[in-house]
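Chemist: Can you read through this structure? Questions will come right after.
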Amino acid sequence: MVALTLAFAYAISVTAMLALQNRSPQSTFAWVLLFVVFPPGALLTYIMFGRGRYAFSRQQTLTKLLERSTLADRAAAVVAAQPEAIARLADTQGDFARLAGMLWASGRSPLTTGNHVEILQNATEKYPRLLDDIRAASQSVHLLYYEWASDRFTEEVARLLRDKVRAGVEVRILYDPVGSYFMLDRRYVERLRRDGIQMQPFSPVYQLHTLSYRNHRKVAIVDGRIGYSGGLNMTEKHLTGPAGFTGWRDTHTRVTGKAVTVLQLVFATMWANATGENLFDERYLPAIQAGEDGVAIQVVSAGPDSRWETIRQAYLAMIALARHHVYLQSPFLILDTSVAEAMTTAALAGVDVRVMIAPDGGEVSPAYRAGMTYAADMARAGVQVCLYKGAYFHSKTICVDSRICSIGSANIDIRSFSINYETNLVVYDEAVTRELEQDFLADLAHCVPFSADEYDAQKTSRRLLDSVMRLGSPLI
């Protein structure tokens, strides 16, 4: 009787604790079930995956760092200029300017104008451009990556960075120790540090309470004037492809203009949180004048400490604004209810919705298997799901009505929307969007259509495994 009473009190307490967090009902019930069925495992899982943004209150915010710097007046001017900038965007983008307003209100993502964007498809285009820009650097090189390997390619990068340090250039590298765990040799890091390169992990692996909250961004900034952002990390694997694949298919961007300042702010914030060093200084954030031509860009960043899931909201708004077509690319397709409803609603309303995903990956991951169940749901609603074959598929893009597009680090999955630190570039420009759409259409030549009927005809054991993998989705 005592044991039963204690068990009942435990269940009520756990339910109350989770209910007060006001998660989705599906997520709340999933957590309650896990805590009741397997309390020890549930506690560890919750510590690593389940906490909300208040668990990260120790993180310094961008606003606080700016207020303490000499850049406070510039920051205030940017804030004051946003309503007018968004209003001007409406003159050329119509209803799509509502997206810009939402991203400013939700994530304080400033709308910048006069930028120039170069779409870089695959590492064979990105790496040479980045290395050339580093060779020309005169003041600083800041690199922020989820994966950094120690291999033949990054040895070449290391030699170049050593030369730049000897020439007086400040070099800082922030890598994710979990993403890089099996590919980055400790001796490689120590050599770079001895040579004057400041290379630091985003957060220590031994801190279990932050282990699951990863830096998934792939950002580079040279002299505060040239920026890179997208899906490519720093590893030779992106040039050759993982075992079993013919190559690596990915998308990145090279940017000049005021958007680079925002990318530098993203790096400076993460560097301050990881090392305590404050980079909010004119040396690293030079004033950039916007030209008459160029494109409008919002650098959209989000993480577990964000008030709103801004990147997820960006996808929702872009899909909702579509009138003709939506083209999406992502390795994974792990949908929450809202994104799934947005995609199916658009498709059922006659919008041409196409999503390109990887049917499997170079590593064992439940995300690929769970993704097939979501692909089946989307296909039944009229979404065209395309499975990329040959090279490993890793692009993260969305194009809407040949008017606006987004390129970044965020997959279409719950982890990227909720618990990773991610950065996407939302570009309001017809020419850039059409170029990206042409790349999407060219990628279709390497795809096979996903069929819900063929999926349903697979062995029950296979589909059961996929469904079991899907059960974990609400927990994160």
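The values are calculated or read from the model by the stated rules, or taken from the named source; none is laboratory data. Every value quoted in this text rests on a predicted model; they were computed, and no experiment measured them. With ideal geometry, Cβ positions are generated from the backbone for all residues, glycine too; neighbour counts draw on all protein chains shown. For the accessible areas, the whole protein counts, side chains as well, though only heavy atoms, and no ligand, DNA or RNA atoms are used. Shrake-Rupley method; radii C 1.70, N 1.55, O 1.52, S 1.80 Å.
Chemist: Taking A410 as meeting all but one of (1) of a type in the set (G, A, S); (2) farther than 28 Å from G227 by Cβ; (3) open to solvent by less than 10 Å² (accessible area, probe 1.4 Å), write down the number of the exception.
Modeler: (2)
Chemist: Collect the residues in the stretch 147-187 that are open to solvent by 50 Å² or more (accessible area, probe 1.4 Å) and closer than 13 Å to M199 by Cα, keeping them in residue-number order.
Modeler: Matches in the stretch 147-187: E170, D185, R186, R187.
Chemist: Looking at (1) of a type in the set (V, I, T); (2) surrounded by 23 or more Cβ atoms within 10 Å (Cβ to Cβ); (3) part of a loop (DSSP other than H, G, I, E, B), which one does V260 not meet, given that it meets all the others?
Modeler: Checking V260 against (1) of a type in the set (V, I, T); (2) surrounded by 23 or more Cβ atoms within 10 Å (Cβ to Cβ); (3) part of a loop (DSSP other than H, G, I, E, B), the one that fails is (3).
Chemist: Could you list, ordered by first residue, the pairs with Cβ atoms under 7 Å in which the first is in the stretch 116-135 and part of a helix (DSSP H, G or I) and the second is buried (at least 18 other Cβ atoms within 10 Å of the Cβ) and of a type in the set (D, E, K, R), at least 6 apart or interchain?
Modeler: The qualifying pairs are A123/D250; R129/R254; I134/K164.
Chemist: Tell me which of these L232 doesn't satisfy, since it passes every other one: (1) buried (at least 23 other Cβ atoms within 10 Å of the Cβ); (2) touching a helix residue (DSSP H, G or I) at 6+ places or on another chain (Cβ under 6 Å); (3) not in a loop (DSSP other than H, G, I, E, B).
Modeler: (3)
Chemist: Within the stretch 104-111, identify whether any single residue is touching a residue at least 40 places away in the same chain (Cβ under 8 Å), in a strand (DSSP E or B), open to solvent by less than 20 Å² (accessible area, probe 1.4 Å) and within 30 Å of R434 (Cβ to Cβ), and answer yes or no.
Modeler: So far as the stretch 104-111 goes, yes, one or more of its residues are touching a residue at least 40 places away in the same chain (Cβ under 8 Å), in a strand (DSSP E or B), open to solvent by less than 20 Å² (accessible area, probe 1.4 Å) and within 30 Å of R434 (Cβ to Cβ).
Chemist: Could you say whether any residue in the stretch 441-448 is farther than 22 Å from G231 by Cα and exposed (fewer than 14 other Cβ atoms within 10 Å of the Cβ)? Give the steps one after another, and end with the answer.
Modeler: Narrowing the stretch 441-448 to residues farther than 22 Å from G231 by Cα: 448.
If we keep only those that are exposed (fewer than 14 other Cβ atoms within 10 Å of the Cβ) too, we end up with 448.
The answer is yes; a qualifying residue exists.
Chemist: Is there a residue being at pLDDT below 90, in a helix (DSSP H, G or I), in contact with a strand residue (DSSP E or B) (Cβ under 8 Å, 6 or more places away or on another chain) and under 29 Å from P304 (Cα atoms) anywhere in the stretch 400-416?
Modeler: Yes, the conditions are met somewhere in the stretch 400-416.
Chemist: Here's a follow-up. Just the residues that are of a type in the set (D, E) and surrounded by 15 or more Cβ atoms within 10 Å (Cβ to Cβ), please, taken from the stretch 449-476. Step through it out loud before you land on a result.
Modeler: At the first step, the residues of the stretch 449-476 found to be of a type in the set (D, E) are 453-454, 456, 466.
Answer for the stretch 449-476, where residues must be of a type in the set (D, E) and surrounded by 15 or more Cβ atoms within 10 Å (Cβ to Cβ): just D466.
Chemist: Quick check, is H116 touching a Lys or Arg at 6+ places or on another chain (Cβ under 6 Å) and modelled with pLDDT of 95 or more?
Modeler: Details: touching a Lys or Arg at 6+ places or on another chain (Cβ under 6 Å): no; modelled with pLDDT of 95 or more: yes.
For H116, the condition - touching a Lys or Arg at 6+ places or on another chain (Cβ under 6 Å) and modelled with pLDDT of 95 or more - is not met.
Chemist: With respect to Y315, is the statement that it is assigned to a loop (DSSP other than H, G, I, E, B) and aromatic (F, W, Y) true?
Modeler: On the way: assigned to a loop (DSSP other than H, G, I, E, B): no; aromatic (F, W, Y): yes.
It is false that Y315 is assigned to a loop (DSSP other than H, G, I, E, B) and aromatic (F, W, Y).
Chemist: Still on this structure, please answer the following. Can you pull out every residue in the stretch 419-450 that is outside any strand (DSSP E or B) and modelled with pLDDT under 95?
Modeler: First pass over the stretch 419-450, keeping only residues outside any strand (DSSP E or B): 419-420, 429-446, 450.
If the condition is that a residue be outside any strand (DSSP E or B) and modelled with pLDDT under 95, then I419, N420 are the ones that fit.
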